[in-house]
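Since the structure comes first, as structure tokens, the remarks are kept for the end.
The values are calculated or read from the model by the stated rules, or taken from the named source; none is laboratory data. If you're wondering where the values come from, they're calculated on a predicted model, not measured in any experiment. All Cβ positions, even for glycine, are placed from backbone atoms using ideal geometry, and neighbour counts span all protein chains on display. All accessible areas refer to the heavy atoms of the entire protein, side chains included, with ligands and DNA or RNA removed. Shrake-Rupley method; radii C 1.70, N 1.55, O 1.52, S 1.80 Å.
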Amino acid sequence: HARCAVKPMKKTVLFIAVLLFGLATSVGAATITFNLNTEFSVGTPPAGTAPWVTATFVDTTTDTVRLTLSTSNLVGTEYVRGWYFNLDPVFNPVSLVAGFVFVDTAAIDGHSVSFGTDAFKADGDGYFDIRFNFPTSGNRFTSGETLIYEFTLAGLTVSSFDFGSVLGGGNGTWKSAAHVQGIGTGGDYSGWIGPGGGN
């Protein structure tokens, strides 16, 4: 009887160990965050506390990366018109499979995502591979909102997005860029922002 009593305990301990290992793997998933805190176009910086917007990439499952876009520090009438990212040159951006996960308002229904190798120029600066396009009227991607996407492609990890734009003049290369409009009391100004130091 003693041996019979021990076996279920061993199974329980093994189950808990596997469960904890699974949680640890999830918690320890690779992450890269771009804090967009620098206005680089000689435009007008957003009025809130920098970083005004953040982009976080997280490895979820094999070949799948989740991207969370947050506008937590925009204020007033400020909103994001376009948001740009790069991809490791070994991949073709057009091959990315993009899956919409979550958005705060059905609002941003008018948004879209475009892909192309060095196809999108941010202000007078670098060329990017991925561009999120957001509405300029109606339900905009404005202060305190979140948009989440997942990208899938064989071999894809968070490090696949940790690349600078291709030089196109202006102020160097950037790992991400966003065009913020609606800045100022009357919402008449705009600025291009990126992670400090051009990274």
**Fill in**
Simple SL model, points at 7 angstrom along Cα→Cβ for ALA47 and VAL166; separation in nm is 3.9 nm
**Asked** At a probe size of 1.4 Å, how large is the accessible area of THR61, to the nearest 10 Å²?
**Response** 90 Å²
**Message:** Can you tell me, using C-alpha contacts under 8 Å and at least 6 residues apart, the relative contact order of region 74-188 as a whole percent?
**Reply:** 41 percent
**Message:** What are the ³J(HN,Hα) couplings of region 90-100, residue after residue, when phi is run through the Karplus curve with 6.51, -1.76, 1.60 and θ = phi - 60°? Round to Hz, x for glycine and proline.
**Reply:** 6, 9, 9, x, 5, 7, 4, 9, 9, x, 6
**Asked** Rg to Rh ratio, region 131-199, alpha-carbon atoms and Kirkwood radius?
**Response** 1.02
**Fill in**
Amide H neighbours of ASP118 at under 5 Å, excluding residues fewer than 5 places away on the same chain, with H built from the backbone geometry, are ASP129
**Message:** Rolling a 1.4 angstrom probe over the protein chains, ignoring ligands and nucleic acids, what is the accessible area of VAL58 in square angstrom, nearest 10?
**Reply:** 40 Å²
**Residue-by-residue Karplus 3J(HN,Hα) for region 72-84, coefficients 6.51, -1.76, 1.60, Hz, glycine and proline x** = 4, 10, 7, 9, x, 8, 5, 8, 8, 8, x, 9, 10
